[in-house]
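One structure is given below, encoded as structure tokens.
The values are calculated or read from the model by the stated rules, or taken from the named source; none is laboratory data. Please read all numbers here as calculations on a predicted model, not as lab measurements. For neighbour counting, all protein chains shown are included, and Cβ atoms are generated from backbone atoms with ideal geometry for every residue, glycine included.
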Amino acid sequence: MNVGDELPPLEVRVTREQLVRYAGAALDFNPIHWNERFAKEVGLPDVIAHGMLTMALAGRIVSDWLGDPTRLVDFSARFTRPVVVPDDAEGALVAMTGKVGAISDDGVARVDLVVKFDGKTVLGKPQALVRA
């Protein structure tokens, strides 16, 4: 592992069905994640994915690359823009890329990610710390 190494890009589709399943697992039944009418009433363009679901998908690019999720030490991000999930079979396409930004003397690498939906960044400063 070296500074500048790029992770294989990952694209994931998020569907309304996945939102329902995630809501059940996370016990997050906020209607902005399943009720189109409610989402629009509160000013959203449509139903949106759970922020933590989006973050979990972003973590997948790192864990897939590592091959061993126990090497993931820390993962953080800010929610900056929603992933709008249409009511169709294709859902929303979330695209992720990553690059090793730094490696500390103790062998912990910082992986900087870019997570986009519809060509726009949806997570602010997503970073993972991993054991090299």
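Numerical summary
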quantity	calculated
Ala89 vs. criteria among the aliphatic types (A, V, I, L, M), modelled with pLDDT under 95 and outside any strand (DSSP E or B)	yes
Segment 12-37, residues that are farther than 18 Å from Gly59 by Cα, surrounded by 14 or more Cβ atoms within 10 Å (Cβ to Cβ) and of a type in the set (Phe, Trp, Tyr)	Trp34
Qualifying residue in segment 71-85 (condition: part of a strand (DSSP E or B), modelled with pLDDT of 95 or more, more than 29 Å from Asp106 (Cβ to Cβ) and over 11 Å from the mean Cα position of the chain (by Cα))	yes
Residue count for segment 60-75, restricted to those that are surrounded by fewer than 18 Cβ atoms within 10 Å (Cβ to Cβ) and either free of Cβ contacts under 8 Å to residues at least 24 places away in the same chain or within 24 Å of Thr15 (Cα to Cα) (or both)	7
So Glu6, is it in contact with an Asp or Glu (Cβ under 9 Å, 6 or more places away or on another chain) and on the phi < 0 side of the Ramachandran plot	no
Inter-residue pairs, beta-carbon under 9 Å, first in contact (Cβ under 8 Å) with a residue 60 or more places away in the chain and under 16 Å from Arg13 (Cα atoms) and in segment 30-57, second exposed (fewer than 14 other Cβ atoms within 10 Å of the Cβ) and not basic (Lys, Arg), 6+ apart	Met55/Ser76
